[in-house]
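Reviewing the structure listed below.
The values are calculated or read from the model by the stated rules, or taken from the named source; none is laboratory data. Since this is a predicted model, take the numbers as computed values, not measurements. Every residue, glycine as well, gets a Cβ built from its backbone with ideal geometry; the counts of neighbours run over all protein chains shown.
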Protein chains: 2
Amino acid sequence: MSFATSPAHTSPAESESESESDSESDSGSAPTPLTLARCRALVRPTLVEAVGRLHPWPGEMAAFSLGWCGPGGTPDPGASQGKGVRQALAVLGAEAVGASGETAVPAAVAVELVHVFSLLHDDIMDGDETRRQRETVWKAYGTGPAVLAGDALLAIALQTLSETPGARVGAAVRHLSGTLTRLVRGQAEDLLFADRPWTGPGAVRPEAYRSMAEDKTGSLLGCAAGLGALLGGAPAGTVAALDRAGRHLGVAFQAVDDLLGIWGDPARTGKPVHGDLRQRRKTYPVIAALTSDGLPSRELAALLASPLPLDGPTALRAATLAEAAGGRAATLAEARRHLDSAHACLRGVPLAPRTVREIEGLLDFLLHRNV
Amino acid sequence: MSFATSPAHTSPAESESESESDSESDSGSAPTPLTLARCRALVRPTLVEAVGRLHPWPGEMAAFSLGWCGPGGTPDPGASQGKGVRQALAVLGAEAVGASGETAVPAAVAVELVHVFSLLHDDIMDGDETRRQRETVWKAYGTGPAVLAGDALLAIALQTLSETPGARVGAAVRHLSGTLTRLVRGQAEDLLFADRPWTGPGAVRPEAYRSMAEDKTGSLLGCAAGLGALLGGAPAGTVAALDRAGRHLGVAFQAVDDLLGIWGDPARTGKPVHGDLRQRRKTYPVIAALTSDGLPSRELAALLASPLPLDGPTALRAATLAEAAGGRAATLAEARRHLDSAHACLRGVPLAPRTVREIEGLLDFLLHRNV
């Protein structure tokens, strides 16, 4: 399947791998992995400087969570440092409004650090023990120190953004702190979903899930692109359009993630087959399937509500039922709809065409995973 | 004993009680409890509005941590809501530079919320189960939700400050985010002190403890007064002087707290007698005592380093040794020196004399506890 809607985009990368790929080509803009690498290189010195301001102990935990070292500060050349999607969106947001990428560096550092902060604290709340094939910070250092490390990351994110020269710093910090409030709201909803019933009046509806995904995943992606444009001197309408594009990207990204969490190839995702079903996670495909009428939906509800473990053939049966009840198709449609909306946001305001193609390439790259 | 250095200040309140007291009188400025109550009343509507922006769940935990309700959002009229020292310092900071207290309200809300955020996350890190005679948030709601509630408090603190009208918002947010980095540094040091030896090259020295106390306790008190002055339109030198005064207050406050933690009257402090010794906390009196030469210092070091519990007569013996080794006198001198420095900071810049008397009254009020 393909989500591609960008006419300039011809051959999306199909893998989640971090490696540079030349499988993408584009008339007049760099392939996405090169764009990501260029943005990371631009942002890196300021990111290193920001982390270097911290007390050595939370500084080490911050470096660990960024994939710069192993636990205890040991070298860990195999650690993933992430694609840097948020920092890239900030840089591209500035370039899209005709400013230099350098203008957006404080925003890029801030959104990247807020992202790592949120992963770190969310891992504590969710009890997740591994991330990117390594122990999470709370697992490696303890819960208390991990709380401190998250706070430290947030503190230097704000400090870096607040030291941006120029008159736009107030608006920039307003933008970021509003995003923080939305991140908290999204995480609160997500945590509360676990205790809600599968069916009936208290069940999670698709629109509630979408709203959670927009807050939890979309708001920071939108903030990244919008903040870059803001520091680049863009008018409010352009900032808002880039922000909206990022939010749609977040919802689409979450939908694809949910598809991979049930039907993804474990060899590519690194996660167990039917993993989200085994954990009885209330993700979009299941929520959408349960809102339909018919036998598959009712049998799926009964399976999910039973106290028995969901593994092996039972998990496969649940996946088959979720698909038969329309959950997979609805999630694909949800992802497509929000990717289309993101593209429409980008095309509704005057932006540098070359950069728009780079952003669109990035959107497609992120969503063309193995589903 | 008395720390009073303000000539206008005649009869300091001696108790930690939250109740209004008319034991203070002053020529031309309100008694401290009335000042605190006036500032709380001024700040309260904006504080309520800020908390009201949160998702209901972290909002409830925020209200609980502010003493506005019991766990589960039940009414709890007996809960302490705190004196509101930081919000008062922000309001007085603005008034000291000739601005209205209203000018400082966003700063007052921000520092109060950052204070509650830091208590909440510190309670997780320190494993403290009670605060102000109630369960801590992590104890009442669980660790994960408490992490989220702290993040929520910080998010709305920043959002409120960043929405301050006028051109000073950038400098204000810069001030607050630098303070956050210092708070993290102070908490990191404090946590690491626990694992350091009592004597020898790795022992905590008095100057390291002072630096920790300045970061952990002084930086937010200084930020409060400085931010109020900043939003009130003060020049940088005045902001810096108020900031320094608050930092000295923090160190003095910590010293008094440490005295109370060993020699305080349990009936007044609400804490067990010799509590900090029983818990083998590395507080100033012990650190100072261990830096002296002589038998009491060596016997104290041996007691602290032994694996035996420090209770009853052993704790009393440790307290006696700490006093004999000069720890109590050194801590009193430390508190006096920093209170004097705070007063000197306030008198070194042009400020409204009436407000300076109110701030000095507040300083003395906070430090004249039962030691």
Kindly indicate whether any position in the range A:157-170 is more than 9 Å from chain B (Cβ to nearest Cβ), under 24 Å from A:Gln81 (Cβ atoms) and surrounded by 22 or more Cβ atoms within 10 Å (Cβ to Cβ).
no
Provide a single number: the residues in the range A:259-277 that are surrounded by 18 or more Cβ atoms within 10 Å (Cβ to Cβ) and assigned to a helix (DSSP H, G or I).
8
Only one of B:Ala315, B:Ala288 is modelled with pLDDT of 95 or more, under 25 Å from B:Asp340 (Cα atoms) and not basic (Lys, Arg); which?
B:Ala288
Quick one: count up the residues across the range B:311-329 that are buried (at least 19 other Cβ atoms within 10 Å of the Cβ), without any contact (Cβ under 8 Å) to a residue 60 or more places away in the chain and among the hydrophobic types (A, V, I, L, M, F, W, C).
5
Residue match in the range B:184-199 (condition: basic (Lys, Arg), surrounded by fewer than 19 Cβ atoms within 10 Å (Cβ to Cβ) and within 30 Å of B:Pro56 (Cβ to Cβ)):
no
Those residues of the range A:179-222 which are facing chain B (nearest Cβ under 8 Å) and touching a residue at least 24 places away in the same chain (Cβ under 8 Å), in sequence order
A:Leu180, A:Leu183, A:Arg185, A:Gln187, A:Glu189, A:Leu191
Subset of the range B:157-188, residues under 18 Å from the mean Cα position of the chain (by Cα) and of a type in the set (A, V, I, L, M, F, W, C), comes to B:Ala157, B:Leu176, B:Leu180, B:Leu183, B:Val184, B:Ala188
Pairs please, first residue from the range B:52-67 and touching a residue at least 40 places away in the same chain (Cβ under 8 Å) and within 20 Å of B:Arg40 (Cα to Cα), second anywhere and part of a loop (DSSP other than H, G, I, E, B) and of a type in the set (S, T, N, Q), Cβ atoms under 6 Å, 6+ apart in sequence or on different chains.
B:Gly67/B:Ser80; B:Gly67/B:Gln81
Considering only the range A:27-74, state which residues are more than 18 Å from A:Thr160 (Cα to Cα), within 14 Å of chain B (Cβ to nearest Cβ) and either touching a Gly at 6+ places or on another chain (Cβ under 7 Å) or acidic (Asp, Glu) (or both).
A:Glu60
Of those in the range B:95-136 that are modelled with pLDDT under 95 and within 10 Å of chain A (Cβ to nearest Cβ), the residue surrounded by the most Cβ atoms within 10 Å (Cβ to Cβ) is B:Asp126
